[in-house]
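Just below is one structure, and these are the notes that go with it.
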Amino acid sequence: MELTLASTGPAPYNRAMYSLCFQREFTARHRLVGGDWGEENTLHGHSYRIEWELRASVLDSHGFLVDLVDVERSLVSVSKRYSGAVLNELPEFESQNPSLERFARILWDRLSASLPAGVHSAVRLWENPSAWAGYEQPP
């Protein structure tokens, strides 16, 4: 018996893409709410690392995917916003569990708002050397 896969359309990355990836580190604190997660329910800190990957199928007239100065400015702004903060006390986490997954989405929202049309991004947020969460939207 031969097995065939149903096609739902073209793959999301079916063309050549340029990519850049940037990283920034900061520390922040939080406590998880709404469940019994032991020590995670008490205020504790993490040394976070953001990875922000940018992708586009074409370069600008100067041969760049994006202006690196603008990208660094965005990353500095975001890392300053959260560095040293208690995430539970920030408006974007009001009435929300400050999970790693939710934090990755919030960072993606903030960072992606500054991107030019045609540039897609993904955020990977590490809370320790072995655990990360990511967020992206399809191009």
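The values are calculated or read from the model by the stated rules, or taken from the named source; none is laboratory data. Quick caveat: nothing in here was measured; it's all calculated off a predicted structure. When we count neighbours, we look across all protein chains shown, and the Cβ atoms used for this are built from the backbone with ideal geometry, even at glycine.
Taking the criterion of being more than 19 Å from Gln137 (Cα to Cα), surrounded by 13 or more Cβ atoms within 10 Å (Cβ to Cβ) and out of contact with any His (no Cβ under 9 Å at 6 or more places or on another chain), the residues of segment 43-63 that qualify are Tyr48, Arg49, Asp60. Of the numbered criteria (1) surrounded by fewer than 19 Cβ atoms within 10 Å (Cβ to Cβ); (2) out of contact with any Ser or Thr (no Cβ under 7 Å at 6 or more places or on another chain); (3) over 30 Å from Arg15 (Cα atoms), the one Pro138 fails is (3).
Hey, any hits in segment 93-100 for a residue that's at pLDDT 95 or above, closer than 23 Å to Asp60 by Cα and in contact with an Asp or Glu (Cβ under 6 Å, 6 or more places away or on another chain)? Taking every residue of segment 93-100 in turn, none turns out to be at pLDDT 95 or above, closer than 23 Å to Asp60 by Cα and in contact with an Asp or Glu (Cβ under 6 Å, 6 or more places away or on another chain). Residue pairs whose Cβ atoms lie under 7 Å apart, separated by 6 or more positions or on different chains, with the first residue in segment 87-109 and part of a loop (DSSP other than H, G, I, E, B) and the second charged (D, E, K, R), are Gln96/Arg102.
Here Ala117 fulfils each of the conditions (1) under 23 Å from Tyr18 (Cβ atoms); (2) touching a helix residue (DSSP H, G or I) at 6+ places or on another chain (Cβ under 9 Å); (3) exposed (fewer than 12 other Cβ atoms within 10 Å of the Cβ) apart from (2). Take the conditions under 17 Å from Arg55 (Cα atoms) and among the hydroxyl-bearing types (Ser, Thr, Tyr) and apply them to Ser130. Does it pass? Judged against the criteria, Ser130 is not a match. Close Cβ contacts (under 8 Å, 6 or more residues apart or on different chains) running from residues in segment 114-136 that are under 15 Å from Val71 (Cα atoms) to residues that are among the hydroxyl-bearing types (Ser, Thr, Tyr) and assigned to a strand (DSSP E or B) comprise Leu115/Ser121; Ala122/Tyr135; Val123/Tyr135.
For segment 24-42, the set of residues classified as loosely packed, with under 12 Cβ neighbours inside 10 Å and either modelled with pLDDT of 95 or more or among the hydrophobic types (A, V, I, L, M, F, W, C) (or both) consists of Glu25, Thr42, listed by residue number. What do you reckon, is Ser77 modelled with pLDDT of 95 or more and among the polar types (S, T, N, Q)? Judged against the criteria, Ser77 is a match.
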